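Working notes for the structure below.
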Amino acid sequence: MSRVIIIGCGGVASVAIHKCCQLDDVFTDLCIASRTVFKCDKIKDDLKGKTKTNITTCQIDASDFDALCKLFKEYKPEIVMNLGMPYYNLIIMDACLECNCHYLDTAAYEPMDVDEPVWRKRYEKRVKEVGFTAYFDYSYQYEYREKFEKKGLIALLGCGFDPGVTQAYVAYAKKHEFDRIDTLDILDCNGGDHGYAFATNFNPEINLREVSSDGAYYEDGKWHSVPALSIHQKYNFDGVGEKDMYLLHHEEIESIALNLPEIKRIRFYMTFGESYIRHMKCLENVGLLRTDPIDFEGHKIIPIQFLKALLPDPASLGERTVGKTNIGCIFTGVKDGKEKKYYIYNMCDHQESYLEVNSQAVSYTTGVPAMCGALMILKGYWNTPGARTVEEYNPDPFIEALDKYGLPKTETYDPVMVD
Ligand code: NDP
C-alpha cells in the first residue's frame, strides 16, 4: 500500500502514471497534481476500469510552497514524483522536507530566469572556476543531502533515462564488468520520425536550452567546454542505423565524475537530424530561444515560452512517431588485469510505446525509470537517505525492474568505439 503524488501531467508524467497503474498492488493511491487539471482528469478517465489504483487529481502551482505543503499534508504521500519542470525542484524538495516525504525528479535544477542577479552571480563564479556553462548543475540539489539524511528521507535526483538509467549502467558496469573504468561515452540516439519539420520530443524549453548551450566533456579531472554542436560524428546504432550525433553537456557527467573518481574521460552524445539543427539555429538567430522577459504590446513575454506554445506538445507526438530510440553507455577499462570494452544499451520502439501507454518512446524511456525509481524506494531496495543520484544505489534491482517493465538491456563486448 503506497500513496504517491505525481507533479506534472505532460509526456513523461503520463507514462509514469500509466506504469504506476500497471503495478496497482504497489501504487495503490495516486494523486496527479498539475497546472492544467483537465489533463490530469483526462488520464484518470482513460485509466478507468484498467487499474485498481485509486486516482485523484488536483490543480497545483508547483512554484507555491504553501500550496504544495497543504497538498502533501492532506494527501500524506510516501513519495512525491516531480515530473514537471526542473525550475521547481528546490521548492518541491523543501515541501517534501517540511512534510516528511521522499522526493524524485528526472532533471537537475535550473532556474526559469537565468538573469536573476543572485543566481547569475553564483552561475558566473561556477563557469569561471569549474568550467562548464550549462544553466543546470547539481550543486543546488546536493546542498539538500544532509537535510534529507537527517530526516531519514531520500531525494532521488535525475531518475529518467539520461540522467537516470545511464548512471545505473555505470554502477552495473563497475559492479559486474570492471575493476576499473577508464572511459565512458553515453550515446543517446532518437531514430524516431514524427513527420513535423520541427518538434521536440520532450519539454521544448528544457530541450532547446540544453541543445543550444555550449557542449562540455570531462577529461583528466577537468571540464572542457566547446561551442554548441561543434563536435559531431556519425555512429551506426543497433535497431536504428547510421545517425549524426553531437557532443553535449549533460548533468550525469557531473555526478559520475564525482562518484567514480578513477574515470579519465566522460562524454555525452545525442543524435539530431539536419532539419532539427537548421530550425534550432534559425530560432536562436531570431531571438526565440531567449529566456529573459521582453515587452510585447504592453505585456511581458518570455520568447522561449511563447515558442513552446507554438510547437507541438511532446505528449501529442506518440501516434505519429515511428522508429526506435537507442540509449546506452560504452565503457573501456580493466578487469582481472586485462583491458576490456563493454556496451550496454536499451532500444525502445515509438509505436510499441504508443500502443502500450499512448506515448512516444522519449517519454516512455523517461517515465518507466521514474516509476522504477519510486518502486525501489517504496519497496525498500534503496534505503540510504540523502539527496543522491542513481549511481549511488545498488543497480541490480533497478535494472531487473527495467528489464521487466519495458526497458530491457542489450549488452555487447565488442562495440564499435566512438573514435
Ligand atoms: P512537458 O512539458 O510535457 O510536461 C511538463 C508538465 O509540467 C506539464 O504538465 C505542465 O503543465 C507541468 N507544469 C509546468 N509548470 C508547472 C507549474 N508551475 N505547476 C505545476 N505544473 C507545472 O514535459 P516532459 O514531460 O517532456 O518533461 C518533464 C521533465 O522530464 C522535464 O524536466 C524534462 O527535462 C525531463 N526529462 C528527462 C529526461 C531524462 O531522461 N532524464 C528525458 C526527457 C525529459 P501544463 O500541462 O499546464 O503545461
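Computed from the coordinates by the stated procedures, all read-outs in this text should not be read as laboratory data. None of the values given here were measured: they were computed from a predicted structure. Backbone-built Cβ (ideal geometry, glycine too); neighbour counts: all protein chains shown.
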**OP:** Using a cut-off of 14 Å between beta-carbons, work out the net charge of the residues near D115 (Lys and Arg +1, Asp and Glu -1, D115 not included).
**Re:** +1
**OP:** Would you look at the GNM of the chain, springs on alpha carbons closer than 10 Å, and say which of G367, G49, G318 moves the most?
**Re:** G49
Subject >> the range 165-351: C-alpha gyration tensor shape, a/c 1.5 cut-off, then a/b vs b/c >> reply: prolate
Original post:
Residue farthest toward the positive end of the dipole of the range 334-387, with Cβ of Lys/Arg at +1 and Asp/Glu at -1: which of N383, G373, A361?
Top reply: N383
**OP:** Using a 10 angstrom cutoff on alpha carbons, build the Gaussian network for the chain and name the most mobile of A228, A197, A315.
**Re:** A197
**OP:** Within the set of other residues whose C-beta is less than 13 Å from the C-beta of Y196, count the net charge using Lys and Arg as +1 and Asp and Glu as -1.
**Re:** -2
Subject >> Sum of side-chain charges, K128 neighbourhood, beta-carbon under 15 Å (Lys, Arg +1; Asp, Glu -1) >> reply: +2
**OP:** Counting only DSSP beta bridges with both residues in the chain, tell me the antiparallel percent, nearest 5.
**Re:** 60
**OP:** Please list the non-local residues whose amide H lies under 5 Å from the amide H of L153, H modeled 1.01 Å from N, same-chain partners needing a gap of 5 or more.
**Re:** G386
Original post:
Taking square-rooted eigenvalues a ≥ b ≥ c of the alpha carbon gyration tensor, is the chain rounded, prolate or oblate, where a/c under 1.5 means rounded and, failing that, a/b exceeding b/c means prolate?
Top reply: rounded
**OP:** Among the lysines, select those whose C-alpha is under 19 Å from the C-alpha of K48, and discard any that sit fewer than 8 residues away in the same chain.
**Re:** K19, K39
**OP:** For K338, go through the aspartates and glutamates and keep the ones whose alpha-carbon is under 12 Å away, minus same-chain ones fewer than eight residues off.
**Re:** E177, D179
Original post:
Dipole size in debye (nearest 20) for the range 165-351 around its Cα centre, Lys and Arg Cβ +1, Asp and Glu Cβ -1?
Top reply: 320
**OP:** Taking the Cα centre of the chain as origin, work out the dipole magnitude from +1 charges on Lys and Arg Cβ and -1 charges on Asp and Glu Cβ, in debye rounded to 20.
**Re:** 460
**OP:** Please report how far the C-alpha centroid of the range 89-166 lies from that of the range 309-384, rounded to the nearest whole angstrom.
**Re:** 22
**OP:** Select from L310, L288, L247 the residue whose mean-square fluctuation is largest in a Gaussian network model of the chain (Cα-Cα springs shorter than 10 Å).
**Re:** L310
**OP:** Calculate for the chain the 222 nm mean residue ellipticity that helices alone would give, adding -39,500 (n - 2.57) per DSSP H run of length 4 or more and normalising by residue count, nearest 500 deg cm²/dmol.
**Re:** -11000 deg cm²/dmol
**OP:** Normalising by the residue count of the range 165-351, find the relative contact order in percent from Cα pairs under 8 Å and 6+ residues apart.
**Re:** 33
Original post:
Ranked highest first by average number of other Cβ atoms within 10 Å, how do 322-335, 399-412 line up?
Top reply: 322-335, 399-412
